[in-house]
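Each remark here refers to the structure printed beneath this line.
The values are calculated or read from the model by the stated rules, or taken from the named source; none is laboratory data. None of the values given here were measured: they were computed from a predicted structure. Cβ atoms come from the backbone with ideal geometry, glycine included; neighbour counts cover every protein chain shown.
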Amino acid sequence: MNFSSLLRIALRALAINKLRSALTMLGIVIGVGAVIVMIAVGAGAQKRVEEQIRALGSNLLLIMSGARTQGGVRLAVGSGQTLSEDDAIAINREIPEALAAPALRGGAQVVWGNANWSTQIYGTTPEYLLVREWQLAAGRPFEPSETSGAGKVCLIGSTVARGLFGSTDPVGQVVRIKRVPFTVIGVLETKGQSLMGTDQDDLIIMPISTARGRVLGSATQAKQRAVGTIWVKAADGYDTKLVEEQVRALLRQRHRLQQGSDDDFSLRNLQEVMSAQEASSRVLALLLAAVASVSLLVGGIGIMNIMLVSVTERTREVGLRMAVGARTRDILGQFLVEAVTLSLIGGLIGVALGTGTSLAIGGFLGWPVLLSPEAIGLAVAFAFVIGVFFGFYPARKAARLNPVDALRFE
Amino acid sequence: MSDPLIQVRDLVKIYTMGETEVRALASVSADIAQGEFIAVMGPSGSGKSTFMNLLGCLDHATSGEYRFAGERVSELDGDRLAQVRNRRVGFVFQHFNLLARTSALENVELPLLYAGLAKKDRVAKALRMLERVGLAPRAHHHPAQLSGGQQQRVAIARALVTEPLLILADEPTGALDSRTSLEIMALFQALNRQGMTVIVVTHENDVARFARRILRFRDGRIVSDEANAPLDAAAVLAVEPKAA
């Protein structure tokens, strides 16, 4: 008895009870569909997190000025001005595995012609673009002379470019920030949203000396070299945790902190924050997939149930088949193929349904979904395994019937 | 002289039902030659059905020896028995046992499917057999579209399709009216004249009178084994008034 004959017999048997077959498949359809949707949504969420990590730059540490204590009241992180440009220079000098860029932040109104745009100003060094792995979409980066000589040049983010210039090429245009004219020398590549949902492309970068002297001066008068944040990138292949400890030790030494006293800065390993988020999204996807698998399991039990009913109903048929020469394995094969056909057809309908639902979720809700062939293959394989597993017992029951009793069964 | 087709020696079959043992067959011995037409008779519970199940290799004897076409069938395992049933025995049942929603042709093909024949050969052989029982024009009808007599003829075609050595019929006319019964018996007689060994299990004398030998069972034993001058079913049919 070859496979195609078995398949034909199975399809005919399933066609006789169409409604029953359809209802039996339903559990598998829902199970497979749900698994595919869950995996697609989970993978989509994970991919978004990965993209955000890539946008942020890998192996990043963020150092922020520490809390200032005023009359026993501890103020927010960044309220003190404990970091300076020299800290960044020291990190670059002392720790070869790390690249540091100090940044001075503030808001300002940018004017070009009669257009204006309110945005973030970043005063920093050329290292910043390397640390953030940020490419230029157009134009050129700062020259060292511009950094040291407070050159009136700036790089603009893609949001600013769009908002202020529209379709005009911004490179070479002159904008006014706090009434100071700046030449736009480049446009940054689009980074997209940050993890917190802020637009990372809504900013202007200029040399730190220019920012301090011309734009953000009043806010930072207190200390001539103070900066709010220092971005540090650990070189590829180095353990960010190790670099983090080295940076911490160096800063504590430079700030002359006693052993046992608190840091006067806050040092965050962004990689870890990201990893935690990635892990939690993965756990969520796993959990949903587990719930979907329960549906598959229930579907499998439904198949077993119906196959048992079917074997009982067709006892005389089994007896006849045995009388005309069917061997044990022929009968086993017949009912097993029937169960697997049921679960596989259910699985394929589930794939169609799951794929459609995933695309609909992506289209209408705007969630990131990622359909992977592996997930679809896995779901179908799972449906197959369920057919074999839950079909085996009823099939064996049929194959073990005694032909005499089966023929006489009423 | 060559060996008989069937040689049965001291065949015993005991069914165990819970605590009690039922001796369905108590030491039966018989020889059946190729080309015989035998009626196996007896009241229900006499062991005739058990005897047929054993002859048809549907069941194992508890003890005793059964040789069929020179083969010690009593020693074969399940798959070999299935093969014997497939190649050498053709069954005809009281209730036809055709597969529903399956054409007459495909019903006749069924044993060939298990014999492993290709589709083309199956169809050719099955069609030839349907022709032999006079049902070729109805090859694509389903059992529900056929009369009882036609269904039984499909079943006979199915029994014949593997060219077996033996046809075993269990109450083949039990579900048919008297005229159709005669037609079926005439068909068996025609097959027997062509050399087919036919064994019919029945409790009706009307059926047994067409056989050439009658075995009577009682309490699991053969109580009589005698030759019979058979009536010609076709001749009886000719004088029978046609049904309304």
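Among the residues of the range B:175-195, those identified as surrounded by 17 or more Cβ atoms within 10 Å (Cβ to Cβ) and in contact (Cβ under 8 Å) with a residue 60 or more places away in the chain are B:PHE188, B:GLN189, B:ASN192. Taking B:GLU163 and the conditions (1) in contact (Cβ under 8 Å) with a residue 60 or more places away in the chain; (2) more than 10 Å from chain A (Cβ to nearest Cβ), which numbered condition does it fall short on, given that it satisfies the others? Exception for B:GLU163: condition (1). Within the group A:LEU104, A:LEU99, which residue is touching a residue at least 60 places away in the same chain (Cβ under 8 Å), touching a Lys or Arg at 6+ places or on another chain (Cβ under 7 Å) and closer than 20 Å to A:GLN246 by Cβ? Result of the check over A:LEU104, A:LEU99: A:LEU99. Is it the case that some residue within the range A:36-50 is over 30 Å from A:LEU348 (Cα atoms) and surrounded by 17 or more Cβ atoms within 10 Å (Cβ to Cβ)? Yes, there is a match, as at least one residue in the range A:36-50 is over 30 Å from A:LEU348 (Cα atoms) and surrounded by 17 or more Cβ atoms within 10 Å (Cβ to Cβ). From the list B:SER2, B:SER44, the lone residue that is within 27 Å of B:VAL207 (Cβ to Cβ) and either touching a strand residue (DSSP E or B) at 6+ places or on another chain (Cβ under 9 Å) or at pLDDT below 90 (or both) is B:SER44.
Picking from residues in the range A:242-253 that are of a type outside the set (A, V, I, L, M) and closer than 14 Å to A:ILE63 by Cα, the one that is surrounded by the fewest Cβ atoms within 10 Å (Cβ to Cβ) is A:GLU245. Would a scan of the range A:300-315 turn up a residue that is surrounded by 21 or more Cβ atoms within 10 Å (Cβ to Cβ), part of a helix (DSSP H, G or I), within 14 Å of chain B (Cβ to nearest Cβ) and small (Gly, Ala, Ser)? Yes, some residue in the range A:300-315 is surrounded by 21 or more Cβ atoms within 10 Å (Cβ to Cβ), part of a helix (DSSP H, G or I), within 14 Å of chain B (Cβ to nearest Cβ) and small (Gly, Ala, Ser). Of the residues A:LEU348, A:LEU336, A:LEU342, the single one that is surrounded by fewer than 22 Cβ atoms within 10 Å (Cβ to Cβ), touching a residue at least 12 places away in the same chain (Cβ under 8 Å) and more than 7 Å from chain B (Cβ to nearest Cβ) is A:LEU348.
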